[in-house]
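Below: one structure, written as structure tokens.
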Amino acid sequence: MDKVRIGGIKKSYELGLLKFGGLRAPAPFLPGICRKLAEGRINIAFLVVTGRKEEYQVSCCVAAEEAGRAFDLVGHGRGPGGTEGRLRPSVGLLSLYPTRANLNVLDLSLAALHRSALTWHALASSLSTLTFVLDYRDLEAAIEALTGVFELPSGHAPFEPEMKVFQSTALKNEE
Amino acid sequence: MKDRPLVLVVDDDPDLVEMVSLKLESRNYRVAAAYDGVEAWDRIKAEKPDLIILDVMMPRKDGYKVCSEVKEDPVYQDIKIILLTAVGSAVTSTSYTHKDGLSTLADDYCPKPIDLDKLMELVEDYVG
């Protein structure tokens, strides 16, 4: 079978996954935890809300070294409208792009991960990208599975992220 | 009949590349994409675009470096370059500033966050 050409695959640095289920509605819980993370100057690397009538789930990833602090900051989920959450300390994101609204990319990705017995915790799409949240230790195996069905361009960048962005409390004096 | 102009969009944010590409395609430009500076050079050599929309802060090779290499290479120096520059950052550690963008050999620049209509006007000015 011919491989499908895509623009690239990128993996994230190590993250922690904060997962909150059993929510009756996204608000006021979701704005509440976002506000608390912003006050704690913690960047959100991934955020997805899934659900239907009175049964919502929030999955939120932050840098692994800040995950414990983030989980404490949001009171383990026991805030207004929330329920006790769970913290998975070592996950990573794997992003494929561009999908160009081609459902075949989703189909092939799911099948490839399934064939390699790799489970994922969350999935989201954006304008261009399909992103899976997997256990960090599984990322290499997932890349191997995906490169078995997708062809990457020559000169493709290393899968490893080169930059890691944290918020600083120091402000620069612009001239 | 002359081919429609080819625009190479280079940014390490795939969503930004897609957004700009869709807009360019809707205006009948041909579009190629690259997601860092090294990949950009591969596309430049393979496809010789008419114009490059080039981000600054990218892995492996940044936009300033790509811009100088293109403009100093007699084979490629005629390619127009619009640099996507971040307006003065409040982050102490950043080494990329608006002023640096203005001091490159780029033909023009467009500040981030991008105003797509303004960017399209610039593209139109150079290769429309």
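The values are calculated or read from the model by the stated rules, or taken from the named source; none is laboratory data. The structure displayed is predicted, hence computed values, not measured ones. No Cβ is skipped: glycine too gets one built from the backbone with ideal geometry, and neighbour counts run over all protein chains shown.
Odds and ends about this structure:
- Some residue of the stretch A:154-173 being surrounded by 12 or more Cβ atoms within 10 Å (Cβ to Cβ), within 17 Å of the chain's Cα centre (by Cα), more than 14 Å from A:C61 (Cβ to Cβ) and more than 14 Å from chain B (Cβ to nearest Cβ): no
- Here the condition is being in contact with a Lys or Arg (Cβ under 9 Å, 6 or more places away or on another chain) and more than 29 Å from A:E65 (Cα to Cα); of A:G155, A:G81, A:G92, A:G85, it holds for A:G155 alone.
- Per-region count, the stretch A:61-113, residues among the polar types (S, T, N, Q), under 30 Å from B:K23 (Cβ atoms) and either at pLDDT 95 or above or buried (at least 19 other Cβ atoms within 10 Å of the Cβ) (or both): 3
- Condition check for A:E162: among the acidic types (D, E) and without any contact (Cβ under 8 Å) to a residue 12 or more places away in the chain: yes
- B:P111 vs. criteria assigned to a strand (DSSP E or B) and modelled with pLDDT under 95: yes
- Subset of the stretch A:1-17 that is among the charged types (D, E, K, R) and within 20 Å of the chain's Cα centre (by Cα) - its residue that is farthest from A:L37 (Cα to Cα): A:K10
- Considering residues of the stretch B:4-44 that are under 17 Å from A:P153 (Cβ atoms) and of a type in the set (F, W, Y) only, the residue nearest to the other protein chains (Cβ to nearest Cβ): B:Y35
- Scoring A:E144 on the criteria (1) surrounded by fewer than 19 Cβ atoms within 10 Å (Cβ to Cβ); (2) touching a strand residue (DSSP E or B) at 6+ places or on another chain (Cβ under 9 Å); (3) assigned to a helix (DSSP H, G or I) leaves a single failure, condition (2).
- Every residue from the stretch A:34-90 that is of a type in the set (K, R) and in contact with a Gly (Cβ under 9 Å, 6 or more places away or on another chain): A:K36, A:R69, A:R78, A:R86, A:R88
- Scanning the stretch B:45-74 for residues that are closer than 22 Å to A:L152 by Cβ and within 11 Å of chain A (Cβ to nearest Cβ) yields B:K45, B:A46, B:M58, B:P59, B:R60, B:K61, B:D62.
- Residue in the stretch A:114-130 that is away from chain B (no Cβ under 14 Å), among the β-branched types (V, I, T) and closer than 19 Å to A:G16 by Cα present: yes
- Being touching a strand residue (DSSP E or B) at 6+ places or on another chain (Cβ under 8 Å) and within 25 Å of B:R60 (Cβ to Cβ) holds for only one residue in A:T83, A:T129, A:T119, and it is A:T129.
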